[in-house]
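Chemist: Quick one: structure below, then a few questions.
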Amino acid sequence: MPAPLSPEKLYTRCDFAAAPFASTDELEDLPGMLGQARAAEAVDFGLAIRAEGFNLFVMGPVGTGKRTLVMEMVEKAAAASPVPADWVYVNNFAQPHKPKAISLPTGRGKALKADMQRLIEDLLAAIPSIFESDEYRNRLEEIEQEFSERENDAFKAFGEEAEREGIALLRTPSGFGLAPERNGEVLGPDEFEKLPEEEKARIRKVIEGLHDRLHKLIRQAPQWLREKRERVRELNREFSRLAVDHQIGELRDKYRDLPEVLDYLQAVEQDLIDTADDFRKPQEGMPQILGLPVGVAPSFRRYQVNLLVDHSASRGAPVVAPDHPSHATLVGRVEHMEHLGALVTDFTLIKPGALHQATGGYLVLDAHRLLLQPYAWEGLKRALRSRRIRTDSLAQMLSLTSTISLEPEPIPLEVKVVLVGERLLYYLLCEYDPDFRELFKVVADFEDDLPRGGDTPLLYARLIATLARKEKLLPFDRSACARLVEQAAREAGDAERLSTHMQGLLDLMREADFLTRQAGERAVSHARVQAVVDARDRRTGRLRARFQDAILRGTVHIETSGMMTGQVNGLAVIDLGDSRFAHPTRITANVRLGEGEVIDIQREVDLGGAIHSKGVLILSSFLATRYASNLPLSLGATLTFEQTYGEVEGDSASMAELCALLSALAGLPIRQSLAVTGSVDQHGRMQAIGGVNEKIEGFFDICRARGLTGEQGVLIPQSNVKHLMLRGDVVEACADGRFHVWPVGGVDEAIELLTGTAAGTPDAQGVVPEGSVNYRVAARLIEFSSLRQAFAGRSEEKPRRRAGARKK
Amino acid sequence: MSDPASGIRRILLALSGAGDELAWIDAAADLAAALEAELSALFVEDIDLLRASRLPSMWEMGRHSAQLRQMQADNTVRLLRAAARRSEQALHRAAEARRLRYSFRILQGKPLDTLLAQAGSLDLVLLVRRATVVTAQPRPLVVLFDGSMTAAATLAVGLRLARTSGRPCLVLVLAADVETYRERVQQAGWAVGGGAEVSMQRLFDADPAALAIAVNRLRAAALVLPADYAEGDLARLDALRSRLRCDLLLVT
């Protein structure tokens, strides 16, 4: 029978007694991250390699500090990289709905924007002044005079010709009329009637002829007007060119090394010349009704430069880490503005996304947040695949809106994307997204914990020192550091490893710092750290207290003394939010004659998980193999977790279930002062389980509440001993012999401890001692088998007799 | 109430239902408001047109469509009345907006003759060529100072108009010789009074062609002319008007 574990095995202390520091003030900062060398190497590699698709997925549990490390490494890499080019969007004068993207050397985007702004301001002054010049006015008036005279002369000549024929040209409210006249007076009807018929006929004929000419004259007027407008337009172009040529010429010199800018300036020049009239309108004012301007003021937005990406103030490559990685914040968006009740847009309303800002540098994204945003992941993949940023409106893509929008020219993308997320996301993406592996070829896997041996505790103390200084916390003395190391082991659930959960460590340090300051002390001590741990335990203990209360008040039946056949205390872990604790649960077994089936009631009612069912099947297999290898297993058994109303999952109770079954078969009662945790294999060996510390503490709490007797304790797998980092009160009780933890290697050891009866080791002939547990189990099974055979014989006999009777 | 500085009590505007007359009404109303004068619109039904419309087989050709349609007396009268009604409504609106005293009368006759026949002493006769356009650099107001009886009043009106519209005032002093020029400059100076800034230029000849060339060269917004210029010679006034590229204001 195994001996209980000594207190040293229950809690591995960190001993800094001989450590070369009194407090963290004396320790140097720890460079990099403790225990993440593999991940750091992967990140280094991923950031350095520039090949296509070598983006990074940094994975690991939340709070390990992976994002902090990644950001540090990315920023370091970015600082050593060149500053990328600026990007601007400018108007596409040929196709305004397709704005052009232009790349400029760093800082020159801003300069171009300012230059264009200045150009327009200058032209707003220069063009009107040119059009106000005497030269222009004279030329314009010359044209106006020419056409005015042409029209006047034509009508005057027509009027004179008509007059020569004795016909007056009259202006009517809507046109012209021709009437006979004499001595400058139009003839009245009476006078006209008195004219000889020949004269009347002549007049009618003359008027008819004049009508034809007047018709041609009137029809010619619009043509003259068009001609005049064209002449004025040409004149305007000529004078506009004078102003524009000079101004644009300066810009052309300045940007002569940038062909794309030169092309753009040429388009601007042509447009300015064609629309120079707009520059005069602001000077002439807007038409008004009741003091309010009416009509559309000429807009010069089309000459603006939309400075999309400006690196004029950047040092090194950009590092962009958007907090809200939606589709729009990644690929940019085209905004709209209200104009006369309609939504309109232009290239100046194109807003950059994180990809624009990050191009030439690094984009760090939280994978979980990214995947939560509709179409954001698709947008990112599309950009990475095509290596171009296409600013599409999501609403347009989904046909949710019919507002006029733009198709901005895509911008080439060269960026290193770093996704930071949990392992599950990585594995899911690998499994379900065929593009993922192509686009994220480098994975950096952050460790959950690190080995505690060697100089790790000291390095951990340096980490504490680094965090304390960074967060401006009080120094942690040697004892506090030791307690933090021990707590890291407890968090890791392993006495031989330390958790890498930096966030948890930092929170613990902050709380300890707070308590220390409240107490007016200068350094954080072991006691303060322990106080934080205890306080947290209390704060999150409501649910645990309710469970314990239910047991202690007898609502949930848990025996911690006495003996019961076919009943054993198992241990179940509850993990909800900040609450992680265990409580005992009663496992019972019943046996009867049957056909070799072990019924798991949990599974029958769909309250048992797959792993739990597997455990039951394994113990069934063990039972049949060990005790009924050469006879039919004629057992009918049922197993259940009493008073559980939710799903039971995991196989950590399979040893307890097996022991309950053996107890029922052997008819030997089990000590209720003990609890069992551990899974069993087909050979009856005890296997490691999770949450061993919480399980022991859970049973301890119930026993202590009822009074520790020295008989109570927990059986755990031997392979879990290295995970023990038990609470101080548990360790203390064990040291005093008031509570025990037994390491168990297999079912025989467990059943011996539970029943107080020898398991019964087979001798050379394979015979187990009479009265042992195994003997009694085997005997019971043989009994079941005989009974079954007897029943089978009788049931076969009866039909035969009935058949004989029929023959009679 | 008439403005003592300008002495103008009434502004006369002739309308006949042809052209862009509604715009003229606004221009005239602005002027009347500036001079605090009454605006008097005369809608002159062209007697020649009325007579012609009674002729058999009289045709009218549309100004823009160039389509012929038979003109009848009834139609013509109706068209003229409709035009008169529109003008009166426009006048009413313009006057109300500016709180002007105004009158509207319909007369028959030849437009220019009728208009001038209705002009009394200290009236300003407005012969609008086109709606005034506000430009960045205001065009000047040109006044003809010819030494006639109404020259001083004309200059006072011109100055007043120039001040209210923020335009420079330019005086063309008609003088065939230097002596006359000096004399008239002095007279003009008295008429202008102290403090006012005007430019003066000599004009050798005031026949319609020469005067129109001078005024057009100055790119005037309007020419303010003493009514004596057209005394008994409407053809002279008509000739000037057809050559000018600006509005014409007659001070009677």
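Chemist: Could you tell me the ratio Rg/Rh of the range B:129-251? Both radii from Cα atoms, Rh via Kirkwood.
Modeler: 0.94
Chemist: What's the carbon and sulfur percent of chain B's accessible surface, probe 1.4 angstrom, rounded to a whole number?
Modeler: 50
Chemist: Oh, and also: At 1.4 Å probe radius, can you tell me the per residue accessible area of chain A in Å²?
Modeler: 48
Chemist: Now, a different point. Could you sort the peptides A:205-216, A:303-314, B:85-96 by per-residue average Cβ neighbour count (10 Å cutoff), highest mean leading?
Modeler: A:303-314, B:85-96, A:205-216
Chemist: In the structure shown, do any of A:Lys98/A:Lys381; A:Lys156/A:Lys216; A:Lys614/A:Lys722; A:Lys416/A:Lys441; A:Lys205/B:Lys110; A:Lys381/A:Lys441 have a Cα-Cα gap over 19 Å, and if so which?
Modeler: The pairs that break the limit, which is 19 Å between Cα atoms, are A:Lys98/A:Lys381; A:Lys614/A:Lys722; A:Lys205/B:Lys110.
Chemist: Am I reading the A/B interface right? What is its buried accessible area, both sides, 1.4 Å probe, to the nearest 100 Å²?
Modeler: In total, chains A and B hide about 3000 Å² from solvent.
Chemist: If amide H atoms are built 1.01 Å from N in the plane of the peptide, which residues on other chains or at least 5 residues away come under 5 Å of the amide H of A:Asp366?
Modeler: Amide H neighbours of A:Asp366, under 5 Å, 5+ apart: A:Val420.
Chemist: Let me ask you something else. Over the range B:6-96, what is the mean sequence separation of C-alpha contacts under 8 Å (at least six apart), divided by residue count, expressed as relative contact order in percent?
Modeler: It comes to 34 percent, rounded to a whole number.
Chemist: For helix A:37-48, what angle does its Cα long axis make with the longest principal axis of chain A, in degrees from 0 to 90 and rounded to 10?
Modeler: Compared with the principal axis, the helix lies near 20 degrees.
Chemist: Still on this model: What order do you get for A:489-502, A:15-28, A:648-661 when each peptide is scored by the mean count of other beta carbon atoms within 10 Å, highest first?
Modeler: A:648-661, A:489-502, A:15-28
Chemist: Another one. I want the antiparallel fraction of DSSP beta bridges within the range A:545-784, as a percent rounded to 5.
Modeler: 60
Chemist: OK, next. Just the number, please: carbon plus sulfur as a percent of the accessible area of the range A:324-422, 1.4 Å probe, no ligands or DNA/RNA counted.
Modeler: Roughly 52 percent, rounded to a whole number.
Chemist: When the convex hull of the C-alpha atoms of the range A:325-405 is computed, what volume per residue in Å³ does it have?
Modeler: Dividing the Cα hull volume of the range A:325-405 by its residues yields 98 Å³.
Chemist: Need one number: convex hull volume per residue for the protein assembly as shown, Cα atoms only, in Å³.
Modeler: Spelled out: Cα convex hull of the protein assembly as shown, divided by residues, is 367 Å³.
Chemist: I've got another one for you. Determine the principal axes of the Cα atoms in the range B:7-104, then give the extent along each, sorted from largest to smallest and rounded to whole angstroms.
Modeler: 49, 24, 18
Chemist: Let me ask you something else. Considering the alpha-carbon set of the range A:102-220 alone, what are its Rg and its Dmax in angstrom?
Modeler: Rg, Dmax (Cα atoms, Å): 28.5, 94.
Chemist: Can you tell me the relative contact order of chain A? Whole percent, Cα pairs under 8 Å, sequence separation 6 or more.
Modeler: Relative contact order of chain A: 16 percent.
Chemist: Something else about it: Let me have the 222 nm mean residue ellipticity of chain A computed from DSSP H runs of 4+ only, each contributing -39500 (n - 2.57), with the sum over all residues rounded to the nearest 500.
Modeler: The helix-only estimate for chain A comes to -15500 deg cm²/dmol at 222 nm.
Chemist: Enter the mean number of other protein chain beta carbons within 10 Å of the beta carbon of each residue in A:215-228, as an integer.
Modeler: 2
Chemist: While we're on this one: Considering amide H positions built from the backbone, and no H for Pro or chain starts, which residues 5 or more places from A:Ala572, or on another chain, come under 5 Å of its amide H?
Modeler: A:His583, A:Thr585
Chemist: Now a separate question. Against the globular-protein guess of 2.2 N^0.38 Å, express the Cα radius of gyration of the range A:115-293 as a ratio, rounded to two decimals.
Modeler: Expressed relative to 2.2 N^0.38 Å, the Cα Rg reads 1.68.
Chemist: Could you grab the Rg to Rh ratio for the range A:375-418? Cα atoms only, Kirkwood for Rh.
Modeler: Ratio value, two decimals: 1.02.
Chemist: Further question on the same structure: Restricting everything to alpha-carbon atoms, can you work out Rg to Rh for the range A:427-475 with a Kirkwood hydrodynamic radius?
Modeler: With Rg and the Kirkwood Rh in hand, the quotient comes to 1.28.
Chemist: How well do other chains shield peptide B:40-52, expressed as the mean number of their Cβ atoms within 10 Å of each residue Cβ?
Modeler: The per-residue average across the peptide is 4.
Chemist: Tell me which residues come under 5 Å, amide H to amide H, from A:Tyr255 once H is placed; ignore anything under 5 positions away on its chain.
Modeler: Those lying under 5 Å, H to H, from A:Tyr255: there are none.
Chemist: Next question. Counting only DSSP beta bridges with both residues in the protein assembly as shown, what percent are antiparallel, rounded to the nearest 5?
Modeler: Roughly 50 percent of the DSSP beta bridges within the protein assembly as shown come out antiparallel.
Chemist: In peptide B:66-72, how many Cβ atoms from other protein chains are near each Cβ within 10 Å, on average?
Modeler: Rounded to a whole number, the mean comes out at 4.
Chemist: Which order do the peptides A:411-420, A:595-604, A:139-148 take when ranked by the mean count of other beta-carbon atoms within 10 Å per residue, highest first?
Modeler: A:411-420, A:595-604, A:139-148
Chemist: For the protein assembly as shown, with the dipole built from +1 on Lys and Arg beta-carbon atoms and -1 on Asp and Glu ones, taken about the Cα centre, which of A:Cys481, A:Val186, A:Ala688 lies farthest toward the positive end?
Modeler: Value computed over the given set: A:Ala688.
The values are calculated or read from the model by the stated rules, or taken from the named source; none is laboratory data. Quick caveat: nothing in here was measured; it's all calculated off a predicted structure. Please note: Cβ atoms are built from the backbone with ideal geometry, for glycine as well, and neighbour counts cover all protein chains shown. The accessibility values were calculated without ligands, DNA or RNA, using every heavy atom of the protein model including side chains. Shrake-Rupley method; radii C 1.70, N 1.55, O 1.52, S 1.80 Å.
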